[in-house]
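Remarks on the structure that follows.
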Amino acid sequence: SSRQKKEPVNVFEESERSRRIVHQVMPYVLMVLAVFTVICFLLIDVFTEADATRGVGSVGQWIRDVFCGLFGVGAFFVPVALALLAVGWRRAVEKNALLAKNLYAFLSVLMLSAFLHAVLRINDGAWYFSDGLGVLWRLGVSLDGGGVIGGLLGELLKMSGLAGAIIIGVTFTALFVILLCGVTPNYVITTIRYRYKIWREKRAEQAQPR
């Protein structure tokens, strides 16, 4: 009977947590920011013949430059990460996993930026740690590197060579994106084991003489 009394209380507390005004509003704020950031990238970096200041103004230019200055080419993934955060916000609040969700979003953008920086700058012979953060910022804004944050990690990835940078960058980027989407390692392992079991059973059936 004591357990039956405790369960409704836990459910009530979880629902009350998600009903806080900040958790009600934040998904919409993130989604609007994601859409606006996409528009900024399109008008400034894709449709270069358009007058971006008319479409997104100085605020849009500032948002674009900040994201690109920090993450370089990887900044184009920022709207995707924001949208995924917005979609999974309420669920993350209910599961008390909001901090982890935000961390996965940041790490997915970081790893993608570092990977792209390493690939783009692998043969330039420069060591940007000694050149200062300003150089990394300018490379990021011009989409020639991974920006300040992605570039610092990207310089370390360059030490593993092109093959190592690709393996490390793709693996960890995919891992953090999977976690951001809400797929846990346990789910991935269970799914792989199940698929492997089904494959072995089908192969055993085919090997049996008819």
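The values are calculated or read from the model by the stated rules, or taken from the named source; none is laboratory data. All of these numbers come straight from a predicted model, not from anything done at the bench. Because the Cβ atoms are built from the backbone with ideal geometry, glycine has one as well, and the counts that use them run over all protein chains shown. Remember, those area values only see protein heavy atoms, side chains included, never the ligands or the DNA or RNA. Shrake-Rupley method; radii C 1.70, N 1.55, O 1.52, S 1.80 Å.
Conditions (1) open to solvent by 80 Å² or more (accessible area, probe 1.4 Å); (2) at pLDDT 80 or above; (3) touching a Gly at 6+ places or on another chain (Cβ under 6 Å), marked per residue:
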position: Arg17; (1), (2), (3): no, no, no
position: Val25; (1), (2), (3): no, yes, no
position: Val32; (1), (2), (3): yes, yes, no
position: Asp45; (1), (2), (3): no, yes, no
position: Val56; (1), (2), (3): no, no, no
position: Gly69; (1), (2), (3): no, yes, yes
position: Val73; (1), (2), (3): no, yes, no
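As an exercise: evaluate Leu84 against (1) within 25 Å of Leu133 (Cα to Cα); (2) at pLDDT 85 or above; (3) not small (Gly, Ala, Ser) and give the number of the one condition it does not meet.
Failed condition: (1).
Does Gly145 satisfy being open to solvent by less than 40 Å² (accessible area, probe 1.4 Å), over 19 Å from Leu84 (Cβ atoms) and in a loop (DSSP other than H, G, I, E, B)?
yes
Which members of the stretch 151-183 meet the condition of being surrounded by fewer than 16 Cβ atoms within 10 Å (Cβ to Cβ), in a helix (DSSP H, G or I) and at negative phi?
Step one: list which residues in the stretch 151-183 are surrounded by fewer than 16 Cβ atoms within 10 Å (Cβ to Cβ), which gives 156, 159-164, 167, 170-171, 174, 181, 183.
Those still in the list that are in a helix (DSSP H, G or I) too: 156, 161-164, 167, 170-171, 174.
Matches in the stretch 151-183: Leu156, Leu162, Ala163, Gly164, Ile167, Val170, Thr171, Ala174.
Might you check whether a residue that is open to solvent by 80 Å² or more (accessible area, probe 1.4 Å) and at pLDDT 90 or above occurs anywhere in the stretch 104-117?
Within the stretch 104-117, one or more residues are open to solvent by 80 Å² or more (accessible area, probe 1.4 Å) and at pLDDT 90 or above.
Restricting the search to the stretch 191-209, which residues are open to solvent by less than 100 Å² (accessible area, probe 1.4 Å) and either at pLDDT 85 or above or more than 21 Å from Ile178 (Cβ to Cβ) (or both)?
Selection gives Ile198, Glu201, Ala204, Ala207.
Quick check on Val87: is it under 23 Å from Val35 (Cβ atoms), of a type outside the set (S, T, N, Q), open to solvent by 30 Å² or more (accessible area, probe 1.4 Å) and not in a loop (DSSP other than H, G, I, E, B)?
Yes.
Would you confirm, using the coordinates I've provided, whether Arg121 is closer than 14 Å to Leu30 by Cβ and either modelled with pLDDT under 90 or small (Gly, Ala, Ser) (or both)?
The answer is no for Arg121.
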